[in-house]
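Each remark here refers to the structure printed beneath this line.
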Number of protein chains: 2
Amino acid sequence: MPQSPEELKALVESELERLSLWPQLHGQAESVRYGAVEMGGKRVRPVLTLATGEANGASVEQMLPAALAIELVHNFSLVHDDLPSLDNDDERRGKPTVWAAYGEGPALLAGDAMLAEAFRLASRYETAHVARELAQATLGMIGGQYLDTMVEGADLETVHRLKTGCLFFASIAMGLWAAGVPEDEQGPWRAFGDELGMLFQVVDDILDDDGFVVERGVDGARALADQAAERCRARLAEVDADTSVLREIVDSLAVRTV
Amino acid sequence: MPQSPEELKALVESELERLSLWPQLHGQAESVRYGAVEMGGKRVRPVLTLATGEANGASVEQMLPAALAIELVHNFSLVHDDLPSLDNDDERRGKPTVWAAYGEGPALLAGDAMLAEAFRLASRYETAHVARELAQATLGMIGGQYLDTMVEGADLETVHRLKTGCLFFASIAMGLWAAGVPEDEQGPWRAFGDELGMLFQVVDDILDDDGFVVERGVDGARALADQAAERCRARLAEVDADTSVLREIVDSLAVRTV
C-alpha cells in the first residue's frame, strides 16, 4: 500500500532532521542545517521522488538519498538567491534567511555546502545517472535565475521552465534512476516530469500575485494552471504503474493555497 | 611514452577552451568561461589526475572529464572566495576577479555553475565513485574555508589539509576511479594523494610570506616543505607503476617560484 503524500512529507522531514552532514564541514554545518532543515518548506520535490520510487516498486530506503539530494539543491538555490547581491531577502517563511541569521560569508558557504552535500547523496548510488540528472537540472536552474535577475524582458515561460521546471523534472528523473527503471521505459515518466514545474510555478504566481498574473491577469493565470494540471494528469495516465499517489499530489498542487 | 607535465598542462588548457558548457546556462556561461578559462592558472590538479591515469594505463580521453571537473571545483572556490563577503579580492593573477568584472550576483551564480558543471563532468562515468570523491573533497574544502575565515586561531595544519589538501587528494582519487583502478589496489596511491596538499600549501605560504612562514619563519617553513616533498616521494616509491611523471611534478612543486 503506497504511502500518502502527507506520510511521505513527514518521512522527508524526519530524514532531513537526522541527516549526517560531512564531518569535515566543522562549524559550517550549523548554518547548513538551519537553511536545509529549520527553515522548513513544502518538501514537494522529495515527496515526488519518493512517490515515483514507490510507483516503481522501490523501497523508501533506496529512494531517500535521491529525494534528500533534490531538496538540498532546492534549498541551496534559496540560500543563494536570498543573498543581498541577488534578491536581498532577509526573511522567508517568517524566519530570518540564512545570511540574515549567520552573515553573508557563512551563507555563501552554506549554499555551496548544500550543493556539495546534494551531490554526495546523489552519488551514493552505483550508477552516476542520478548525480548526472541533478547536475543538469542545477545548471538549468542557474540559467533561469540568470535570465530572471540579469536579463530585462526575458521570456517568462522560459524562465519558469528553467528556474522551477528543471528541478521538478529532476525529482522524477532521479527517482527513475534511483528505482532502477530502465532507460527505455522512462519516456512517459519524463513527459510527466516535464509538465510539473509549470503547474507548480503558475500556481505560485497566482499565490504571489506576480509572473503570469501580471502578464495575463488572475483568470488567465488560473486557466494556465488548469491546463498544466490537465497535462500532468494526461501524462500520468500514460504511465504503466499505480500512479494514484502522484495523481493526488498533482490535484493538490493545482488547488494549493500556500 | 607518458606525456610530460608541460604537455599535460597544454592539453588541459586546450580542453578547457573547447569545453561545452550546458546550453541552458544561457548568458551566464560568459562569466563561467572567464573564471574557468581566461583567468588562467597552474592547472596542477588536473595534470595530477591525467598523470595518475597515464601511470595506470588509461587513455587521456578517459581521464579528461575527471581532470576538468577537479579544475572547475578549484576555480569555483576561487570565484566564491574572492567575493566581497569572503576575501574581497578584486584582482587575481593580474586580472579583475569575476565579481569585479561581472558584478557580485553574476559571480555568485558563476561559481555555482562551475560547481554544477564539475559534477556534470564527474558523473559522465558509469560509476558514481568519481563524483562521490569530488563531493567529499568539496565539502572538506568548504569546511577549511569556514575555519580559515570564520574561526579565530584555527589550527593551520588542519586548515591547509582541508582547504588545499582535500582537492589534491581528490585529484588522485578521482583519477584512480576514472582509470578503473580496483579499490583494493588504491591504497598506496591514496597515501600519496594525502601528502600532496601539504607540499603545495607550504610552498604557497613561502611564496606568499604567510601561513607557516608566520608560524615558523622561512627556514621552518622550508624544512616543512622539504619533509612534505620527501614524504610524497616515499609514497610514490611504494606505488607499483611507472610514476616518473608524477615524481617530476612533485620535484617541481617543491621548488616552484610561482
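Of everything listed in (1) open to solvent by 20 Å² or more (accessible area, probe 1.4 Å); (2) at the interface with chain A (Cβ under 9 Å from one of its Cβ atoms); (3) under 13 Å from the mean Cα position of the chain (by Cα), the single unmet condition for B:Gly103 is (3). Taken residue by residue, segment A:94-116 has no member that is among the hydrophobic types (A, V, I, L, M, F, W, C) and closer than 14 Å to A:Met174 by Cα. Just to check your reading of the model, which residue among A:Gly211, A:Gly175 is at positive phi and touching a helix residue (DSSP H, G or I) at 6+ places or on another chain (Cβ under 8 Å)? None of the others qualify; the one that does is A:Gly211.
Which residue out of A:Leu176, A:Leu167 is in contact with a Phe, Trp or Tyr (Cβ under 7 Å, 6 or more places away or on another chain) and either closer than 17 Å to A:Ala225 by Cβ or more than 8 Å from every other protein chain (Cβ to nearest Cβ) (or both)? Spell out the reasoning first.
On the way: A:Leu167 fails: in contact with a Phe, Trp or Tyr (Cβ under 7 Å, 6 or more places away or on another chain).
Answer to the selection: A:Leu176.
The combined condition, being free of Cβ contacts under 8 Å to residues at least 40 places away in the same chain and farther than 24 Å from B:Ala51 by Cβ, is fulfilled by B:Asp208. Within the option set A:Arg120, A:Arg124, A:Arg93, being out of contact with any strand residue (DSSP E or B) (no Cβ under 9 Å at 6 or more places or on another chain) and farther than 22 Å from B:Leu72 by Cβ holds for one residue only, A:Arg93. Kindly evaluate A:Ala154 against the criterion of being in a helix (DSSP H, G or I) and either more than 25 Å from A:Met63 (Cβ to Cβ) or open to solvent by less than 20 Å² (accessible area, probe 1.4 Å) (or both). For A:Ala154, the condition - in a helix (DSSP H, G or I) and either more than 25 Å from A:Met63 (Cβ to Cβ) or open to solvent by less than 20 Å² (accessible area, probe 1.4 Å) (or both) - is not met.
Picking from residues in segment B:40-88 that are touching a Lys or Arg at 6+ places or on another chain (Cβ under 8 Å) and among the acidic types (Asp, Glu), the one that is nearest to the other protein chains (Cβ to nearest Cβ) is B:Asp82. For segment B:135-154, the set of residues classified as more than 8 Å from chain A (Cβ to nearest Cβ) and either aromatic (Phe, Trp, Tyr) or over 16 Å from the mean Cα position of the chain (by Cα) (or both) consists of B:Asp148, B:Glu152, B:Gly153, B:Ala154, listed by residue number. Selection within segment A:118-134: residues that are in a helix (DSSP H, G or I) and among the aliphatic types (A, V, I, L, M). The member of this set that is nearest to the other protein chains (Cβ to nearest Cβ) is A:Ala131. Taking (1) farther than 30 Å from B:Thr127 by Cα; (2) at pLDDT below 95 in turn, A:Ser244 satisfies each apart from (2). Only a single criterion out of (1) surrounded by fewer than 21 Cβ atoms within 10 Å (Cβ to Cβ); (2) over 28 Å from B:Glu61 (Cβ atoms); (3) in contact with a helix residue (DSSP H, G or I) (Cβ under 9 Å, 6 or more places away or on another chain) is not satisfied by B:Glu183, namely (2). Within segment A:234-258, the set of residues being open to solvent by less than 50 Å² (accessible area, probe 1.4 Å) and in a helix (DSSP H, G or I) comprises A:Ala234, A:Leu236, A:Val245, A:Leu246, A:Ile249, A:Val250, A:Leu253, A:Ala254.
Residues in segment B:56-100 that are in contact (Cβ under 8 Å) with a residue 40 or more places away in the chain and open to solvent by 40 Å² or more (accessible area, probe 1.4 Å): B:Asn56, B:Gly57, B:Gln62, B:Asp87, B:Arg92, B:Arg93, B:Lys95.
For segment A:126-151, a tally of residues being among the polar types (S, T, N, Q), modelled with pLDDT of 95 or more and open to solvent by 30 Å² or more (accessible area, probe 1.4 Å) returns 2. Considering segment A:1-18, and only residues there that are charged (D, E, K, R) and touching a residue at least 12 places away in the same chain (Cβ under 8 Å), the residue that is surrounded by the fewest Cβ atoms within 10 Å (Cβ to Cβ) turns out to be A:Glu17.
Only residues that are surrounded by 18 or more Cβ atoms within 10 Å (Cβ to Cβ) and not in a helix (DSSP H, G or I) were counted in segment A:157-180, giving 1.
Among the residues of segment B:19-30, is any open to solvent by 20 Å² or more (accessible area, probe 1.4 Å), within 13 Å of another protein chain (Cβ to nearest Cβ) and under 30 Å from B:Ala191 (Cβ atoms)? Among the residues of segment B:19-30, not one is open to solvent by 20 Å² or more (accessible area, probe 1.4 Å), within 13 Å of another protein chain (Cβ to nearest Cβ) and under 30 Å from B:Ala191 (Cβ atoms), which makes the answer no.
The values are calculated or read from the model by the stated rules, or taken from the named source; none is laboratory data. All values derive from a computational prediction rather than experimental measurement. Positions of Cβ are generated from backbone atoms using ideal geometry, with glycine treated the same way; all protein chains shown enter the neighbour counts. When the accessible area is computed, the model is the full protein with side chains, heavy atoms only, and any ligands, DNA or RNA have been set aside. Shrake-Rupley method; radii C 1.70, N 1.55, O 1.52, S 1.80 Å.
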